[in-house]
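Visitor: Supplied in structure tokens, the structure appears directly below.
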């Protein structure tokens with residue numbers, strides 16, 4: 001089991017062991033919803049619905065936060081990621097910029113289209129916005145040659161190029 005311990009005194013193994021899975025504990029302990037290894041380094045990248053983009057080193061240990069915002073706006077609900085195995089660049093989605101994962105029913109009912117597709121470059125530590133206005137952005141996949149990225153929109157029932 002992966003425990004997301006990093007600089008938060010509220011987290012402890014006693015409450016974040018996965019035995020209790022409530023929305024309140026998810027906000028404290030984290031909710032990893034997307035994971036992918038970068039094969040060249042063995043690092044595990046994590047899209048956490050509450051804590052943003054994280055990484056765990058090849059030998060395990062605590063997760064390190066890499067990105068919690070883009071363009072000065074804090075992420076609300078990260079959802080998925082993929083790693084370009086040639087470059088190490090991480091592509092990830094924010095399902096909604098308005099609603100957290102605990103409010104997913106509301107986001108669906110109101111037809112939320114505030115999702116985004118991002119790119120994180122581990123060398124520069126910069127987050128770049130690639131697409132905005134996505135209808136509950138979900139899965140993301142970078143092509144084998146890295147020439148394009150696909151992102152699914154749950155509410156729009158479509159796949160878009162990024």
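Bear in mind that the values in this text are calculations on the coordinates, not laboratory data. Just so it is clear, the model here is predicted, and its values are computed rather than measured. FYI the Cβ positions are ideal-geometry reconstructions off the backbone, even for glycines, and counts take in every protein chain you see.
Visitor: For each of 92, 37, 154, 148, count neighbouring Cβ atoms within 10 Å of the residue's Cβ, then give the residues from fewest to most.
Guide: Lowest count first: 148, 37, 154, 92.
Visitor: Take every Cα pair under 8 Å in region 22-162 that's 6+ residues apart, average their separations, divide by the length, and report that relative contact order as a whole percent.
Guide: Value for region 22-162: 17 percent.
Visitor: In addition: When the Cα centres of region 86-120 and region 123-143 are compared, how far apart do they sit, in Å?
Guide: Computed from Cα coordinates, the inter-centre distance equals 9 Å.
Visitor: Report the full-extension gain for the segment residue 150 to residue 74: residue separation times 0.36 nm, less the Cα-Cα distance, to one decimal in nm.
Guide: Full extension from residue 150 to residue 74 adds 25.0 nm.
Visitor: Let me ask another. Over all Cα pairs of region 23-161, how is the pair count split among 10 Å bins, expressed in % and running from 0 up to the last occupied bin?
Guide: Percent of Cα pairs in each bin: 13, 46, 33, 8, 0.
Visitor: In nm, what is the difference between 0.36 nm times the number of residues separating residue 129 and residue 143 and their Cα-Cα distance?
Guide: Between residue 129 and residue 143, full extension yields an extra 3.2 nm.
Visitor: Modelled label-to-label distance, residue 121 and residue 157, 7 Å Cα→beta-carbon offset: nm?
Guide: 3.9 nm
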